[in-house]
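Trainee: Pasting a structure below so you can have a look.
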Amino acid sequence: QVQLVESGGGLVQAGGSLRLSCAASGRTFSRVNMGWFRQAPGKEREFVAAISWSGGTYSADSVKGRFTFSRDNAKNTVYLQMNSLKPEDTAVYYCAATYKFCSGDGCTYDYWGQGTQVTVSS
């Protein structure tokens with residue numbers, strides 16, 4: 001089992017920045033593939049970004065150039081740095097984990113956090 005706890009959400013004005021964190025526990029972190037997803041009210045959950053166990057990253061077109069995904073294996077934590085935020089980025093953000101071999105936006109995740117709210121005001 002893997003436990004995931006997100007933090008760092010909040011209210012920010014358009015154009016501002018936030019950094020989300022996701023702390024993992026329970027299994028070897030250095031071999032886990034991680035992802036970020038978000039779900040806005042009334043919408044389906046959508047893929048945001050992924051980072052492989054080796055550090056390779058992949059982002060959705062809607063966040064490319066604005067969001068950066070990184071990991072710190074020593075701290076069992078991944079980070080989503082979100083810059084130039086827009087009102088349409090408002091959503092609950094979830095981190096997810098899988099040990100399956102996969103890449104990019106093709107992963108299916110086995111473990112999910114509880115989510116953290118990000119609200120961007122215009």
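Trainee: Can you name every residue in segment 7-40 that is open to solvent by less than 30 Å² (accessible area, probe 1.4 Å) and of a type in the set (D, E, K, R)?
Mentor: Once the filter is applied, which keeps residues that are open to solvent by less than 30 Å² (accessible area, probe 1.4 Å) and of a type in the set (D, E, K, R), segment 7-40 yields only Arg38.
Trainee: Return the pairs, sorted by first residue and then second, in which the second residue is aliphatic (A, V, I, L, M) and not in a strand (DSSP E or B), the first residue lies in segment 110-122 and is within 20 Å of Thr98 (Cβ to Cβ), the beta carbons are less than 8 Å apart, and the residues are 6+ apart or on different chains.
Mentor: Qualifying pairs under 8 Å: Asp110/Val2; Tyr111/Val2.
Trainee: Of all residues in segment 68-82 being under 23 Å from Ala40 (Cα atoms) and touching a residue at least 24 places away in the same chain (Cβ under 8 Å), which is surrounded by the fewest Cβ atoms within 10 Å (Cβ to Cβ)?
Mentor: Looking at the filtered set, the residue picked out is Gln81.
Trainee: What residue, of Ser52, Ser62, is out of contact with any His (no Cβ under 7 Å at 6 or more places or on another chain), farther than 18 Å from Val118 by Cα, polar (S, T, N, Q) and surrounded by 14 or more Cβ atoms within 10 Å (Cβ to Cβ)?
Mentor: Going through Ser52, Ser62 in turn, just one is out of contact with any His (no Cβ under 7 Å at 6 or more places or on another chain), farther than 18 Å from Val118 by Cα, polar (S, T, N, Q) and surrounded by 14 or more Cβ atoms within 10 Å (Cβ to Cβ): Ser52.
Trainee: Still on this structure, please answer the following. Output the residues belonging to segment 83-95 that are buried (at least 18 other Cβ atoms within 10 Å of the Cβ) and either under 10 Å from Arg38 (Cβ atoms) or basic (Lys, Arg) (or both).
Mentor: Here is the first cut: in segment 83-95, the residues buried (at least 18 other Cβ atoms within 10 Å of the Cβ) are 85, 89-95.
Matches in segment 83-95: Asp89, Thr90, Ala91, Val92, Tyr93, Tyr94.
The values are calculated or read from the model by the stated rules, or taken from the named source; none is laboratory data. Keep in mind that what you see is a predicted model, and the values were worked out from it rather than measured. Here Cβ is always computed from backbone atoms with ideal geometry, including for glycine, and neighbour counts include all displayed protein chains. Side chains included, ligands, DNA and RNA excluded: accessible areas come from the protein's heavy atoms. Shrake-Rupley method; radii C 1.70, N 1.55, O 1.52, S 1.80 Å.
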